[in-house]
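Have a look at the structure below, then the notes.
Each value in this text was obtained by applying a stated rule to the coordinates, not by laboratory testing. Keep in mind that this is a model prediction, so the values were computed, not measured. Ideal geometry is used to build each Cβ from the backbone, glycine not excepted, and the neighbour counts take in all protein chains shown.
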Amino acid sequence: MKMNINPFLLPNGVTIALQFLKDKLDKLKSIPLVIAIDGHASSGKSTLATDLGEILKLKYLDSGAMYRAVTLYFLEQNIDFNDNHAIECALKNISIDLEYESNKKSTYLNGVNVERQIRGMDVSNNVSKIARISSVRKFLVHQLRILGKSKGVIMDGRDIGSVVFPNAEIKFYVTASMDERANRRFAELQSKNIEASPETVRQNLEERDKIDSSREDSPLIMAQDAMILDTTFLNRSEQLQSALKLIFNKLGI
């Protein structure tokens, strides 16, 4: 798995505001960190991870994209989700690469850019079912731990702070109201010209919440030492700056 990071254009106003925090940011950048971000779908995890990763020059590992890529492969290959032997064999044929190209995230499945496909409703409706399969989780957790071994990384997902990196220096649990999450997800799909109704989007999020929180293997929980960040009423700039303030306080910077 490879990770190429190119400059990411932050929201208007963020760069200017951060100029006043230059000394704190310089000190923070000198600390080898693993930042773990957990929370429900469409709560703002990926956006926060992307922006923090750019500001702090950390490698951003989108674990959700990896689970989505596995889900896409299983759907394309008609893998029975209940056939453990078929699943084990399929995982041996999967290679996932995460890259940044022209300020955009790209996910490659066996050499093919599948970023658009993995964001569609077919994958969204099945990714939580795939994520609760123990062999799939072990497969991806192993890869994530290898990538984060040298630190200097930021990851988002459901069990990053509780399972993948329980010793992460910084842990966030990101949350938002269901109404806000559904609105964000629907707007995201519309921006990508992916068809879905607001009702379907909300139902999908509710079902994913239920599966993610109740699965037997590594359910979505808030780590005891995680910092809560409610993004319901925060725009992108406010979310980033709130997270940085929490990090500074945590590390005494």
Item to complete: Please list, in chain and number order, the residues 5+ apart from residue 215 or on another chain whose amide H is under 5 Å from its amide H, with Hs placed from the backbone.
Response: 220
Response to the item:
So, for the Cα atoms of the chain, Rg and Dmax in Å stand at 17.6, 56
Worksheet item: How much length is gained on full extension from residue 203 to residue 76, taking 0.36 nm per residue of separation minus their Cα-Cα distance?
Response: 43.4 nm
Practice prompt. Identify which of 198, 166, 219 has the largest mean-square fluctuation in a Gaussian network model of the chain, with springs joining Cα atoms closer than 10 Å.
Written response: 198
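What translational diffusion coefficient, to the nearest whole µm²/s, does the stretch 18-142 have by Stokes-Einstein, given a Kirkwood radius computed over alpha-carbon pairs, a temperature of 37 °C and 0.692 mPa s viscosity? All intermediate terms of the calculation are to be shown ahead of the outcome.
Numbers: Rh = 16.1 Å.
The Stokes-Einstein estimate is 203 µm²/s.
For the stretch 172-253, what does the relative contact order come out to in percent, with C-alpha contacts under 8 Å and a separation of six or more? Working shown, then result.
Working: 47 pairs, mean separation 34.0, N = 82.
Relative contact order here is 41 percent.
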Discussion item. Can you find, among 30, 205, 121, the residue sitting farthest towards the positive end of the charge dipole of the chain, where Lys and Arg contribute +1 and Asp and Glu -1 at Cβ?
Written reply: 30
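Mean Kyte-Doolittle of at least 0.0 plus a Cα span of 30 Å or more along the axis: flag which DSSP H helices in the chain meet both, please. Let's see the in-between values first.
Details: long enough: none.
Once both thresholds are applied, nothing remains.
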Practice prompt. Name the residues whose placed amide hydrogens come within less than 5 Å of the amide hydrogen of residue 177, ignoring near sequence neighbours (fewer than 5 apart) on the same chain.
Written response: 232
Discussion item. What does DSSP give for the chain in terms of the percent of beta bridges that are antiparallel, rounded to the nearest 5?
Written reply: 30
Fill in: Residues with amide H under 5 Å from that of residue 170, placed H, sequence gap 5 or more
34, 36
Worksheet item: So, with +1 on the Cβ of K and R and -1 on the Cβ of D and E, and no other charges, what is the size of the charge dipole of the chain about its Cα centre, to the nearest 20 debye?
Response: 760
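Give me the dipole magnitude in Debye, nearest 20, for the stretch 95-237 about the Cα centre, with unit charges on the beta carbon: positive for Lys and Arg, negative for Asp and Glu.
For the stretch 95-237, the charge dipole is close to 300 debye.
So how much slack lies between residue 213 and residue 83, counting 0.36 nm per residue of separation and subtracting their Cα-Cα distance, in nm? Don't skip to the end; give the middle numbers.
On the way: separation 130, 0.36 × 130 = 46.80 nm, distance 2.30 nm.
Full extension from residue 213 to residue 83 adds 44.5 nm.
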